[in-house]
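Student: To start, I am sharing the structure in question, which I have written as structure tokens.
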Amino acid sequence: MIGFDTTKLPKLDINNPDGFTQILDRLKRFFADNKDKLLPVTLAAQNYSQKMEQVSSFIEAYTQKTCPYCGTVCCAQKHGLPEFGDVAAFLSLGHTPPYYDLHLPLSGACQFMGPRGCTIERIIRPYRCTWYFCDPLLTQIEIGPTAHYNQFIKLVQQLADARGQMLTLFYEIWTANLTIMDER
């Protein structure tokens, strides 16, 4: 498996705060109302969480060497806002998505950027926050030991596979539920 095509999922429109909130609320209700049906998703989410912890440990080791010395903050507000699949992943793990201030300028620093980096756990950050690597960070990873680089590539692929499995299961249950609702 190579991830999941998230374009199949509804789009969270960051330019429509009310619509954005309505979709988040709908997803939260869906998870609350379908706990039993979503058990396979919850189980797959545990594997995703484990892979995220492994990737996070690896990334943190390199960001600690690179980010404090960088003059350009990569973490922009537009990248810190979730997609539908991100919120489904958070809820699959039993996490409540953080509050997103959609009125902040998209080109400004991410609302979750603090003086020592991101203020929220990696597991409740948009997926793109985990797999975005600026050139200086990639350089640090590439010039490190070959075994570390190979481990990095392997971990990122395993993370994508685990997320893909989780979202595939979610999508099957979500679309089956929508079909049943449409038939009523």
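The values are calculated or read from the model by the stated rules, or taken from the named source; none is laboratory data. Every value quoted in this text rests on a predicted model; they were computed, and no experiment measured them. Methodologically, a virtual Cβ is constructed for each residue, glycine included, from the backbone with ideal geometry; neighbour enumeration extends over all protein chains shown.
Student: Which pairs have Cβ atoms under 8 Å, sit 6 or more apart or on different chains, and link a residue in segment 44-57 that is closer than 14 Å to residue 125 by Cβ and in contact (Cβ under 8 Å) with a residue 24 or more places away in the chain to one that is polar (S, T, N, Q) and part of a helix (DSSP H, G or I)?
Tutor: So the pair list comes out as 48/92; 48/165; 52/130; 55/130; 56/130.
Table: residues versus (1) farther than 25 Å from residue 169 by Cα; (2) aliphatic (A, V, I, L, M); (3) in contact with a Gly (Cβ under 8 Å, 6 or more places away or on another chain).
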{"site": "67", "(1), (2), (3)": "yes, no, yes"}
{"site": "79", "(1), (2), (3)": "yes, no, no"}
{"site": "98", "(1), (2), (3)": "no, no, no"}
{"site": "102", "(1), (2), (3)": "yes, yes, no"}
{"site": "105", "(1), (2), (3)": "yes, no, no"}
{"site": "109", "(1), (2), (3)": "yes, yes, no"}
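Student: A follow-up question, please. So, of the residues in segment 69-82 that are part of a helix (DSSP H, G or I) and under 20 Å from residue 121 (Cβ atoms), which turns out to be farthest from the chain's Cα centre (by Cα)?
Tutor: The extreme case among them is 77.
Student: Then there is this: Taking segment 102-120 as the search range and keeping residues that are without any contact (Cβ under 8 Å) to a residue 24 or more places away in the chain and not hydroxyl-bearing (Ser, Thr, Tyr), which one is surrounded by the most Cβ atoms within 10 Å (Cβ to Cβ)? Walk me through it before giving the result.
Tutor: As a first pass, look at segment 102-120 and keep what is without any contact (Cβ under 8 Å) to a residue 24 or more places away in the chain: 114-116, 119-120.
Right, trim to not hydroxyl-bearing (Ser, Thr, Tyr) and you get 114-116, 120.
Details: 114: 10, 115: 5, 116: 8, 120: 16.
Once the filter is applied, the top-ranked residue is 120.
Student: Go through the residues of segment 48-58 one by one and say whether even a single one is at pLDDT below 90, more than 20 Å from residue 110 (Cα to Cα), assigned to a helix (DSSP H, G or I) and in contact with a His (Cβ under 9 Å, 6 or more places away or on another chain).
Tutor: There is at least one residue in segment 48-58 that is at pLDDT below 90, more than 20 Å from residue 110 (Cα to Cα), assigned to a helix (DSSP H, G or I) and in contact with a His (Cβ under 9 Å, 6 or more places away or on another chain).
Student: Among the residues of segment 22-41, write down those that are surrounded by 14 or more Cβ atoms within 10 Å (Cβ to Cβ) and part of a helix (DSSP H, G or I).
Tutor: Once the filter is applied, which keeps residues that are surrounded by 14 or more Cβ atoms within 10 Å (Cβ to Cβ) and part of a helix (DSSP H, G or I), segment 22-41 yields 23, 24, 27, 28, 30, 31, 40, 41.
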